[in-house]
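The values are calculated or read from the model by the stated rules, or taken from the named source; none is laboratory data. Note that this is a predicted model, so its numbers are computed, not measured. All Cβ positions, even for glycine, are placed from backbone atoms using ideal geometry, and neighbour counts span all protein chains on display.
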Amino acid sequence: MNTRHSTRHNSEEEALLFAAEFLGPSSAEALQSKAGAEQLHIELARDLGDSSDAALRVIHSMGQSDRALVDEFLGYFFNDLLRLGSGKVGSRLRSMLDTQDLVQSVMKDVWADMAKLEFRTRGSFLSLMSQRLEWKASDRGRMQTRDRRREDKRVEMPEQISQDDFEGQLTQMGNDERKSKMWLAILRLPEPERTVMGHHVEGDSVPKIAIAMGLDEQETRRAFDRGIYRLRRELGD
């Protein structure tokens with residue numbers, strides 16, 4: 001075995017180990033499939049980044065037709081985005097903006113734009129995400145400052161539905177893993193449920209969501225109830 005072939009073989013093994021350890025079973029299986037292995041071989045030959053970047057490029061490409069791969073791809077970047085997001089929320093806005101919600105909102109946008117986004121290396125992708133986080137934090141800060149100036153003393157509470165305590169879990173999710181899984185499940189919902197539940201997790205009530213989406217309140221309530229049902233079924237709650 002010549003040195004070049006040996007190096008490529010080692011790189012393929014490193015890419016497979018990376019997928020199994022840091023991405024997940026769907027990604028590891030995809031890279032071992034015939035199509036995945038061929039694409040990985042091509043990406044490694046490009047000499048663009050290291051073996052983990054090559055694996056991520058393949059998963060990003062294959063994920064455009066496989067939502068499980070998108071889940072693992074975005075899940076891999078979640079903690080890095082939290083770290084980046086914490087630097088985008090200035091001290092003046094910390095009382096109004098939750099870093100985790102900011103990151104998950106950007107991830108929701110990325111999910112929708114996945115087919116349009118180019119992935120080259122982990123570093124370049126994080127640079128793009130950092131820019132998006134900065135834009136989102138700036139927009140959120142302006143919107144929430146404006147809303148606070150407009151709101152009266154009446155506190156609008158989210159409406160309740162008789163489906164155990166699941167609705168409360170959406171706005172008070174405990175650990176990072178639970179919240180990440182919830183957001184990824186929301187991203188997989190059809191419209192309008194996806195947008196309705198995204199607004200709800202960010203603290204908006206059904207009447208406020210209806211106004212934001214230009215829907216009547218009854219239609220928004222039905223979408224909300226369908227979203228709750230679908231999430232409970234998918235998450236096993």
Checklist entry - Do we have L84 as under 14 Å from F125 (Cα atoms), in a helix (DSSP H, G or I) and in contact (Cβ under 8 Å) with a residue 12 or more places away in the chain here? => result yes
Checklist entry - Would you say S33 is surrounded by fewer than 18 Cβ atoms within 10 Å (Cβ to Cβ) and at pLDDT below 90? => result no
Checklist entry - Here are some conditions: (1) modelled with pLDDT under 75; (2) surrounded by 17 or more Cβ atoms within 10 Å (Cβ to Cβ); (3) assigned by TED's automatic domain parsing to the domain that holds R46. P158 meets all but one. Which one does it not meet? => result (3)
Checklist outcome for this item: Flagged in region 201-226 as assigned to a helix (DSSP H, G or I) and either hydrophobic (A, V, I, L, M, F, W, C) or modelled with pLDDT under 85 (or both), in numbering order, are V201, V206, I209, A210, I211, A212, M213, A223, F224
Checklist entry - When S11 is evaluated against the numbered criteria (1) buried (at least 16 other Cβ atoms within 10 Å of the Cβ); (2) at pLDDT below 85, which criterion, by number, is the only one it fails? => result (2)
Next on the checklist: Just to verify a result, which residue in region 36-49, among those that are charged (D, E, K, R) and free of Cβ contacts under 8 Å to residues at least 12 places away in the same chain, is surrounded by the fewest Cβ atoms within 10 Å (Cβ to Cβ)?
Outcome noted: D47
Checklist entry - Which of the residues spanning region 89-136 are modelled with pLDDT under 80 and in a loop (DSSP other than H, G, I, E, B)? => result V89, G90, S91, R92, L93, R94, S95, M96, L97, D98
